[in-house]
């Protein structure tokens with residue numbers, strides 16, 4: 001490993017100040033790490049192993065854990081100055097800069113042979129993502145975004161697809177909650193889905209929050225509703241949406257951040273109706 005790659009990101013400066021001069025290096029490190037994880041995910045389809053219980057109907061696989069370990073090690077070598085937070089093994093929290101990973105977003109899809117699963121990796125600085133990758137290895141699609149640098153699918157610039165109203169919109173909704181507190185949250189979820197079923201063009205439940213956000217960024221969806229805000233699920237995808245011209249916000253209309261209760265995202269024209277539907281269902 002060269003001295004240049006191992007140079008501390010915040011040498012004599014804060015992370016935010018140093019980002020522009022090092023973002024190319026960080027992106028290369030992130031893409032290489034995701035390449036390793038994507039290869040493991042593709043190979044892992046033939047030997048998933050038993051599901052590992054994490055809670056009520058919440059599971060991981062050995063492949064999830066292997067991918068997280070592989071990506072963690074790769075980033076630790078390339079960017080030792082940046083801590084790491086993974087869904088399966090945890091890590092650093094409450095610090096200025098951190099890599100955030102969901103090794104397989106859509107684990108149940110993956111375990112059942114459905115190709116709608118992703119690796120979601122972001123670099124978060126001061127609570128906001130500045131670099132994000134959502135990779136769908138079984139679909140051959142990689143979405144990449146850098147703050148103020150646009151959003152891309154397989155190297156081509158992408159943008160959200162505006163609609164004139166909710167009746168023209170395809171809206172993604174996240175999975176229903178299955179563990180503690182599920183009854184109250186699912187009451188809101190059911191009310192939101194019922195309203196969207198009446199008023200939108202179509203409702204879709206893909207089973208991967210990161211894929212919902214990536215498909216919104218590329219124009220396949222026009223909005224997505226998640227009654228949660230887990231960093232490994234959303235940080236890479238919400239940067240994609242913002243850089244593609246979309247909006248990400250909470251139920252009260254405030255800009256989305258790490259303290260938000262929900263993760264709502266849409267093209268600009270749907271921000272008010274989506275927020276209103278969720279607020280009324282609460």
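Just so it is clear, none of the values below were taken in a lab; they were calculated from the coordinates. For clarity, every value in this text was computed on a predicted model and none was experimentally measured. Note: ideal-geometry Cβ built from the backbone for every residue, glycine included; neighbour counts use all protein chains shown.
Tabulated values for the structure
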| item | result |
| --- | --- |
| Contour excess over end-to-end distance, with Cα ends at residue 139 and residue 45 and 0.36 nm allotted per residue | 32.5 nm |
| Amide N proximity, the stretch 264-278 versus residue 201 label position 7 Å along Cα-to-Cβ, cut-off under 20 Å | 265-275, 277 |
| Gain in span if fully extended, residue 95 to residue 28, counting 0.36 nm per residue against the direct Cα distance | 21.8 nm |
| Alpha-carbon radius of gyration plus Dmax, which is the widest Cα pair, for the stretch 194-282 in Å | 11.7, 31 |
| Segment residue 112-residue 62, extension gain: residue separation times 0.36 nm, minus the distance between their alpha carbons | 16.6 nm |
| Ordering of 218-229, 234-245, 168-179, 146-157 by burial proxy (mean other Cβ atoms within 10 Å per residue, highest first) | 234-245, 218-229, 168-179, 146-157 |
| Three-way shape call for the stretch 90-157 based on the alpha-carbon gyration tensor, with the a/c threshold at 1.5 | oblate |
| Computed over the stretch 108-199, Cα set: Rg, Dmax in Å | 16.8, 42 |
| Rg/Rg_ref, the stretch 125-258, where Rg_ref = 2.2 N^0.38 Å and atoms are Cα | 1.03 |
